Amino acid sequence: MQVFIGVWLFSIQVVWADAWYTGTLLAQPGINTPKGQFVVTPYVLWTRALGTFDQNGVKQSELPYRSMNPAMQFSFGLTERIDALLLFQYQENRTLGYRYGDTGDPQVLLGYQVYASPKNGFFSPSIRIYVQETFPLGRFDRASEEKNLVEITGAGAWQTQIGMNLESLQPLWNDHVLHSVLTLSVNAAPAVFVVGPNAYGGGIDARGWARPGMEFLNIWANELTLTQRWALSLECAWLYSDSNAYRGYPGRASTGRRAKIDRSPGYQISVLPGIEYNFTQNLGLLFSTWYTPVGRNSSRFTSAFVMLNYSIA
C-alpha cells in the first residue's frame with residue numbers, strides 16, 4: 001500500500017493579548033500574515049499505514065508501510081489584505097525491506113482577507129479566502145508492485161484548492177483563551193496520464209488517463225491556552241472524496257488478473273490532538289499525533305509530527 005499524505009493546509013502563529021499560540025497543522029488561519037512579516041515553519045511527519053476502510057467502513061489490514069515527510073513552509077504578507085505561502089516537502093517510504101525517497105508535491109497559496117473582525121469573537125469571526133495550487137513534482141507512476149509501490153511520493157496531478165477560513169478568539173475563565181478556526185475547502189484536479197503501477201492503482205503494463213475525484217475538506221481546529229507558554233490543540237477533519245475515473249488499459253495484477261484502478265466515493269474522519277510550547281510570542285513548538293478512527297473507501301493510518309513556527313517581523 002502506498003502512502004501519500006499531502007498537507008493541503010498550513011499553520012500561522014497568532015497572538016491575542018497575553019495568549020501565545022504556535023498554530024495547528026491542517027487548518028488555515030482566518031487572518032492573513034501581516035504585511036512585512038515573514039513566517040518560517042519547518043515540520044516532520046512520521047506515518048504508519050494501517051490499511052484501509054472498505055465500502056462498509058470495516059477496517060482492512062494491508063502490508064506494512066511507513067513514511068517520513070520533512071517539509072519547509074514559508075508565509076509572508078504581500079499587502080494589507082493579501083498574503084502568500086510556499087511549501088516544499090520530501091518523502092521517504094519504507095516497506096518490505098525496501099526504501100525510497102524523493103521530492104513531494106510543492107504547493108503555492110494566495111490568501112485574501114475578506115473581513116478582519118475588530119473583536120474576532122465567536123459570533124463575529126475574521127474571514128479569509130484562499131486559492132492553492134499543488135505542482136506534480138513527486139513520483140506518481142512506473143512503480144514496482146514487488147516493492148509495494150514504495151516509489152510513490154506524489155499525486156501526479158495539478159491540484160487546485162479553493163477555501164474559506166473563519167477565525168475567532170474567545171476569552172474563557174481565569175485568562176484562558178480559546179482560539180478556533182473553521183476551514184471549508186474543495187480540491188479539484190484534471191486527468192493525469194499514468195504508466196504502470198501508480199498512485200491511483202493499476203498493474204503491470206497499465207497505460208491510460210486517471211482522473212482524481214473532487215475532494216471536500218472541513219476542518220475544525222481549536223487551541224486552548226493553559227498558561228502563556230503552554231497550550232493544548234485539537235483538530236478534527238472530515239474529508240469526502242468523489243470517485244476516481246480511469247480511461248485506458250488498467251494493466252495486470254501480480255496474480256495475472258486484470259488490475260483494478262477505479263476508486264468508489266468515500267470519506268475519512270481524522271483527529272489531531274497536540275500540545276504546544278511557545279518560547280516567545282514569535283517562536284512556538286507543536287507536538288501532535290494524527291489518526292483516522294472512521295472512514296469508508298479510504299486509507300487508514302496513524303502519524304506523529306513535530307512543527308516549529310518562527311515569525312520574523
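Bear in mind that the values in this text are calculations on the coordinates, not laboratory data. Here the structure is a predicted model, which means the values were calculated and not measured. A quick note on method: Cβ atoms are made from the backbone with ideal geometry, for glycine too, and the neighbour counts reach across all protein chains shown.
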Would you kindly derive the ³J(HN,Hα) couplings of the range 134-146 from the backbone phi angles with the Karplus curve 6.51 cos²θ - 1.76 cosθ + 1.60 (θ = phi - 60°), listing them in order in whole Hz, with x for Gly and Pro?
9, 9, x, 9, x, 6, 9, 9, 6, 8, 10, 5, 4
Principal axis box of the range 71-186, alpha-carbon based, largest edge first, Å
57, 34, 23
Once you order the gyration tensor axes a ≥ b ≥ c over the Cα atoms, which shape class does the range 120-182 get: rounded for a/c under 1.5, otherwise prolate or oblate by comparing a/b with b/c?
oblate
Please list the equivalent ellipsoid semi-axes of the chain, computed as the square roots of five times the alpha-carbon gyration tensor eigenvalues, in descending order and whole angstrom.
36, 19, 18
Using Cα pairs under 8 angstrom and six or more residues apart, how large is the relative contact order of the chain, in percent?
19
Find which of I129, L169, T47 sits farthest along the positive direction of the dipole of the range 15-312, computed with +1 on the beta-carbon of Lys and Arg, -1 on that of Asp and Glu, about the Cα centre.
T47
